[in-house]
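Here is the structure we will look at, set down as structure tokens.
The values are calculated or read from the model by the stated rules, or taken from the named source; none is laboratory data. Since the structure is predicted, the reported quantities are computational estimates derived from the model, not experimental observations. Quick reminder, even Gly has a Cβ in these numbers, built from the backbone with ideal geometry, and neighbours come from all protein chains shown. The protein model used for the area step is the full one, side chains on, heavy atoms only, and it has no ligands, DNA or RNA in it. Shrake-Rupley method; radii C 1.70, N 1.55, O 1.52, S 1.80 Å.
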Amino acid sequence: MSLRRWSVTLLAALVALVTIAPLIWMVSVSFMARGEAAQFPPPLWPESPTLENYRLLFGTFGVGRFLLNSILISTLATGLALLFTIPAGYAFAKLRFKGRDAVFRLLVAALVVPGQIGMLPLFLELKAMGLVNSYAGALVPWLAGIFGIFLVRQYCLSIPDEMLEAARIDGASEGQILRRIVLPILTPIIVTLALFVFLGSWNDFMWPLIVLADQDLYTLPVALAANSRQNVQDYEIMMAGAVVTTLPVLILFLALQRHYLSGLLTGSVKG
Amino acid sequence: MSAQRRTVQNASAVGRAGEARAGWAMSSPALAAILLFFVLPAIASLFLSFTDFDIYALADIGNLRFVGLANYERLLENPLFWKAMTNTLLFVGIGTPFIVALSLFTAMLVNSRWLKWRPVWRVALFAPYVTTLVATAVVWRYLLHTRYGLLNYLLSFFGVPPVDWLGSPTASLPAILIFVGWKTFGYNMIIFLAALQTVPRELDEAARIDGASWFARLRHVTLPAIGPTLLLVSVLTVAGMFQLFAEPYVMTQGGPAQSTVTILYFMYEEGFKWWNLGSGAAVAFLLFLCILGVTLVQLRLAKRSGAI
């Protein structure tokens, strides 16, 4: 029994190590001197760790600017998504209004349509609105988050109607009920949704690539992709760029993983 | 008495009206955004695909003409479109079973009752899923490097000569699939894990005592119990495989010899490199039909086998 226990655990450890090895290797190479990684056999650790790549990245390549763009866009996307989806999700779960169920069924049907289908017309639409090549243009898809509405609605369904009814009899307006009673109950799902949108908008690539033409507006993934198509030989600096791009979301996930994983299951299994 | 009841009824009617008003007020901003930035563009895509919208129409909308099915006809004659179609179907056909099997295997491993420190392995295996696709694609481009890549170095211990992963038209698609598998299996694993936890241990235990092999238990106990989840995961994976874009964009730029041009990559180039927006919209619409078609086939197969 004990042998079995250890062999299973050992296998899991091995698979886990292989899985995170690329991430460890990315960090390791980012501290290597220039040209150090391009050897055979490939070195696993830097001979004398250096911050030179990061200095170059933030100095010559001006990555600070892209980092700020990414932080700004992801933060705004998160705030706006919460502002739009939380009241809607609550309304679909708890407020009786005409046409609610029909509209909700349409939203369910719309989930099978991938967002890329409308990308070209959306580009033209935003061009007509003067939003192409602006932060606002990059934010737009995050306002239309059907998945977020589902997540909030699912969670709201467990709120007892009597609680809302009692508040109504006490003379609370619908807005007050949402702010004072519903929002505090929703805290866990708000954290989950915020995490989803922040990570999603941070990692997003195709839409910002299309809508942001000005280099000054590039997010980290767009800037990294543009550079990777040119500086193919500079292993170490590209790895430093990859670290700056992906480490913030990785840390955020590790800190809040419980919220992320539970939300993932609400969204896919029960939803 | 009756006057009192009437007031209560009036109050509740007023309450109802207020509730309905609040319902619309709270849902309409999100619905307006969905309508404006999701539904409208998706419908417009179909109309756009019947026009010759190009760089001239972009400059002056007066140059726009209705061309009927001409975009579709031209696409069907375009060898690069068929190449993109074939590549994407290869990604779907090979990638889906590969990723589903990988996810199920890791989920069963993490679900094993003999496993210690389960949460640690679960997070480590899930981590690639939350990383930035572009960043890890750049990392993997170096891991797959012919001369200095770690993968070829590891393979050299088994006597495998260096593989030109991203430079050969036959190896490039498997190379990207290895990366996509690594990046996405954690998501499916978590979904499988939740389903596996609902399978009663006694069932598996009883089969084991009866002398059923590991494979027999997988086939006759585990898989039937998680049938609906298996379907869900394969539907999601198929949709994901149809939507590969950043992977070829960063790792191979569609090459070598167009062996990794996907439908979405083709659509991007058609629309935003050559500014053939009408033709690009036709590609988008065909992609949608493909995803819809394959999903419906999957549902039918699942129904026939009794999974749902």
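Using Cα pairs under 8 angstrom and six or more residues apart, how large is the relative contact order of the range B:74-304, in percent? Mind dumping the intermediate values first?
Details: 244 pairs, mean separation 63.6, N = 231.
In percent, rounded to a whole number, it is 28.
Between the range A:30-90 and the range B:98-135, what's the alpha-carbon centroid distance in Å?
Value for the Cα centre distance between the two parts: 24 Å.
Please list the non-local residues whose amide H lies under 5 Å from the amide H of residue B:260, H modeled 1.01 Å from N, same-chain partners needing a gap of 5 or more.
When sequence neighbours closer than 5 places are left aside, the close amide H contacts are B:255.
Hey, what's the protein assembly as shown come to in accessible area per residue, 1.4 Å probe, Å²?
Values: 26670 Å² over 579 residues.
Result: 46 Å² of accessible area for each residue.
Near the amide H of residue B:51, under 5 Å away, which other amide H atoms are found, from residues 5 or more places off or on another chain, if H is placed in the peptide plane?
B:67
Which net charge results for the neighbourhood of residue B:145, defined as the other residues with beta-carbon distances under 15 angstrom from its beta-carbon, given Lys and Arg at +1 and Asp and Glu at -1? Numbers along the way, then the final one.
Numbers: positive: B:141, B:147; negative: A:36, A:234, A:236, B:164.
Neighbour charge sum, excluding residue B:145 itself: -2.
Compute and list, largest first, the equivalent-ellipsoid semi-axes of chain A from the alpha carbon gyration tensor, each √(5λ) rounded to a whole angstrom.
Details: eigenvalues 341, 144, 53 Å².
Value: 41, 27, 16 Å, ordered largest first.
Can you list the residues of the range B:18-32 whose accessible area drops by at least 50 Å² going from the chain on its own to the full set of protein chains, with a 1.4 Å probe?
Residues of the range B:18-32 that lose at least 50 Å² of accessible area once the other chains are added: B:19, B:24, B:26, B:30, B:31.
Using helices alone, I'd like the mean residue ellipticity at 222 nm for chain A: each DSSP H run of four-plus residues gives -39500 (n - 2.57), total over residue count, nearest 500.
Numbers: 13 runs with 185 residues, N = 271.
Theoretical 222 nm ellipticity from helices: -22000 deg cm²/dmol.
Against the longest alpha carbon principal axis of chain A, how many degrees, from 0 to 90 and to the nearest 10, is the axis of helix A:119-128 turned?
The answer is roughly 80 degrees.
What are the GluC sites (Glu not before Pro) within the range A:35-71 that DSSP puts in a loop, where the Cβ has at most 12 other Cβ atoms within 10 Å?
Numbers: sites: A:36, A:47, A:52; in loops: A:36, A:47.
When the GluC sites (Glu not before Pro) of the range A:35-71 are filtered for loop state and at most 12 Cβ neighbours within 10 Å, A:47 remain.
Among A:163, B:267, what's the order by accessible area (1.4 angstrom probe), most exposed first? Before the final figure, lay out the partial values.
Details: A:163 80, B:267 0 Å².
Per-residue accessible area, sorted high to low, gives A:163, B:267.
Work out from phi, with θ = phi - 60° and the Karplus expression 6.51 cos²θ - 1.76 cosθ + 1.60, the ³J(HN,Hα) of each residue of the range B:250-267, listed in order in whole Hz, and give x for Gly and Pro.
7, 7, 9, 6, x, x, x, 6, 6, 6, 10, 6, 9, 4, 5, 5, 4, 4
From the phi angles alone, apply the Karplus equation (6.51, -1.76, 1.60; θ = phi - 60°) to the range A:220-228 and give each ³J(HN,Hα) in whole Hz, x where the residue is Gly or Pro.
4, x, 5, 5, 5, 5, 4, 5, 5
May I ask for log10 I(q)/I(0) of chain B at q = 0.09, 0.13 Å⁻¹, from a Debye sum over the Cα atoms as equal point scatterers with solvent left out?
So the normalised log intensities are -0.67, -1.09.
Across 10 Å bins from the origin, how do the percents of Cα pairs in the protein assembly as shown run, short distances first?
Result, from short to long distances: 3, 15, 24, 26, 18, 9, 3, 1, 0, 0 percent.
Rounding to the nearest 10 and keeping the result within 0 to 90°, find how far the Cα-based axis of helix A:146-156 lies from the longest principal axis of chain A.
So the inclination is approximately 60 degrees.
Of the heavy-atom accessible surface of the protein assembly as shown (probe 1.4 angstrom), what whole percent is carbon and sulfur? It would help to have the intermediate numbers written out before the result.
Numbers: 17740 of 26670 Å².
Percent of accessible area from carbon and sulfur atoms in the protein assembly as shown: 67.
If contacts are Cα pairs under 8 angstrom and at least 6 residues apart, what is the relative contact order of the range A:129-271 in percent? Please report the intermediate quantities before stating the final value.
Working: 76 pairs, mean separation 53.3, N = 143.
It rounds to 37 percent for the range A:129-271.
Run through the range B:153-247 and list the chymotrypsin sites (Phe, Trp or Tyr not before Pro) located in a DSSP loop whose Cβ has at most 15 other Cβ atoms within 10 Å. Kindly include the intermediate steps, with their values, before the conclusion.
Numbers: sites: B:153, B:157, B:158, B:165, B:179, B:182, B:185, B:187, B:192, B:214, B:215, B:242, B:245; in loops: B:157, B:158, B:165, B:245.
Filter output for the range B:153-247: B:157, B:158.
Which chymotrypsin sites (Phe, Trp or Tyr not before Pro) in the range B:82-146 pass both tests, a DSSP loop state and at most 11 other beta-carbon atoms within 10 Å? Mind dumping the intermediate values first?
Values: sites: B:82, B:91, B:98, B:105, B:114, B:117, B:121, B:126, B:129, B:140, B:142; in loops: B:114, B:117.
Answer by residue number: B:117.
What ³J(HN,Hα) values, in whole Hz, does the Karplus curve 6.51 cos²θ - 1.76 cosθ + 1.60 give for the range A:44-58 when θ = phi - 60°, with x put for Gly and Pro?
8, 10, x, 5, 10, x, 9, 9, 3, 4, 5, 4, 5, 4, 7
Given a 1.4 Å probe and no ligands, DNA or RNA in the count, how much accessible surface is buried by A and B, both sides, to the nearest 100 Å²? Could the numbers behind the result be given before it?
Working: alone 16310 and 18600 Å², together 26670 Å².
The buried area between A and B, both sides summed, comes to about 8200 Å².
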